[in-house]
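Just below is one structure, and these are the notes that go with it.
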Amino acid sequence: MQQSDELNEAPPSRNRAAAAEQDQAAGGLQHRKIRIPSGDVVTASLALSVGDTSAYAVLRFKHEKQTFRQPVGSIKKAPTRHEMLAAAWRLAREQKSIEKNGWSWVVSTA
């Protein structure tokens, strides 16, 4: 089964390295895609605030010049940023918190 173009195209990015980092941690660009109630598909990213023993993650995306933010929660601090991002992406999906806003993941991990 072939993925649609909306899942495989890289989003415009001022910082391709940051986008690649997010893609890799999420398991691929397609795992960062969220469908919002309008039917539009957006590409989410995670912001991390790292403390001494933990990091706090917030999922965010832009749509029509507006930035949306959804708290994900705390994760255990890991040796690398990649490990923390990967853990935060897993947590974001496990908690199903985006669904409370009427959003949905475009690609299921199940």
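Values in this text are rule-based calculations from the coordinates and carry no lab data. Keep in mind the model is a prediction, meaning the values are calculated, not measured. With ideal geometry, Cβ positions are generated from the backbone for all residues, glycine too; neighbour counts draw on all protein chains shown.
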(request) Might you check whether a residue that is outside any loop (DSSP other than H, G, I, E, B), over 19 Å from residue 27 (Cα atoms) and over 11 Å from the mean Cα position of the chain (by Cα) occurs anywhere in the range 82-100? (result) yes
(request) Working only within the range 91-110, note down all residues that are of a type in the set (A, V, I, L, M) and under 19 Å from residue 74 (Cα atoms). (result) 91, 92, 98
(message) I need the full set of residues from the range 26-67 which are under 15 Å from residue 105 (Cα atoms), out of contact with any helix residue (DSSP H, G or I) (no Cβ under 7 Å at 6 or more places or on another chain) and hydrophobic (A, V, I, L, M, F, W, C), in order please.
(response) 36, 42, 61
(request) Report the residue count in the range 29-48 for those that are touching a residue at least 60 places away in the same chain (Cβ under 8 Å) and over 9 Å from the mean Cα position of the chain (by Cα). (result) 5
(message) Looking at the structure I just gave you, is residue 77 out of contact with any Leu (no Cβ under 6 Å at 6 or more places or on another chain) and more than 17 Å from residue 105 (Cα to Cα)?
(response) yes
(request) Identify the single condition in (1) under 15 Å from the mean Cα position of the chain (by Cα); (2) exposed (fewer than 14 other Cβ atoms within 10 Å of the Cβ) that residue 51 does not satisfy, given that it satisfies every other one. (result) (1)
(request) Select from the range 72-81 the residues that are surrounded by fewer than 17 Cβ atoms within 10 Å (Cβ to Cβ) and either in contact with a His (Cβ under 8 Å, 6 or more places away or on another chain) or assigned to a strand (DSSP E or B) (or both) and list them in ascending order. (result) 73, 74, 76
